[in-house]
Amino acid sequence: MEEATRFDGSLGSLATAVSFCAGSLNALALHGCRPETAGLPPGSKTVLVGGRNFTFKRYLLEAFADHQLDARDAGGVKAIDGDDPANIVNRTLLGMGGHLELTSPLRSAMFEVDTRADRKNTTTEVFRTFTEACRAAIARLEAEQVIL
């Protein structure tokens, strides 16, 4: 079973989370992994891009490259590729979404103090660059979507 098909409920109920995705054309999930899980050397500051929306995946990879962030296609690493239809991000109106796995060294570089309580107040330039890249990919995807 893919890691992202399990929901721990720490941010609300599964039903609420599924309803948000089910009523949306697009969704982007963020998860974390150790570099070794992705077959990367320890210390790698990398974002792995997966999910079933291959256009979104391409836009994310291009946006991360444009923003000089190390990004890799998560395809082929089943535990983190976000390709499972049961993955919440793939339960959108379109049946597909984007899935990001941030390695622990990348997540640590995004915050001066990497604790749940302190992250919101200690973001770094790496965090801002990452969010700019995500927003660019989302804007590109949505600009090209036909709404019926």
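Laboratory data are not the source of any read-out in this text; all were calculated from the coordinates shown. Just so we're clear, the structure is a prediction, and the values are computed from it rather than from any experiment.
Taking every alpha carbon pair in the stretch 51-112, what does the distance histogram look like in 10 angstrom bins from 0, in percent? Binned Cα distances yield the sequence 22, 47, 28, 3. Relative contact order of the chain: 31 percent, from C-alpha pairs under 8 Å at least 6 residues apart in sequence. Show log10 I(q)/I(0) for the chain at q = 0.18 Å⁻¹, two decimals, from a solvent-free Debye sum over equal Cα scatterers. Values, matching the q order: -1.13.
The ellipsoid that matches the Cα gyration tensor of the stretch 66-148 has semi-axes, each √(5λ) in whole angstrom, of 26, 17, 13, with the longest given first.
Of all DSSP bridge pairs formed entirely within the chain, close to 35 percent run antiparallel. Listed by chain and number, the lysines whose alpha-carbon sits under 25 Å from that of K57, ignoring those within fewer than 8 places in the same chain, are K45, K78.
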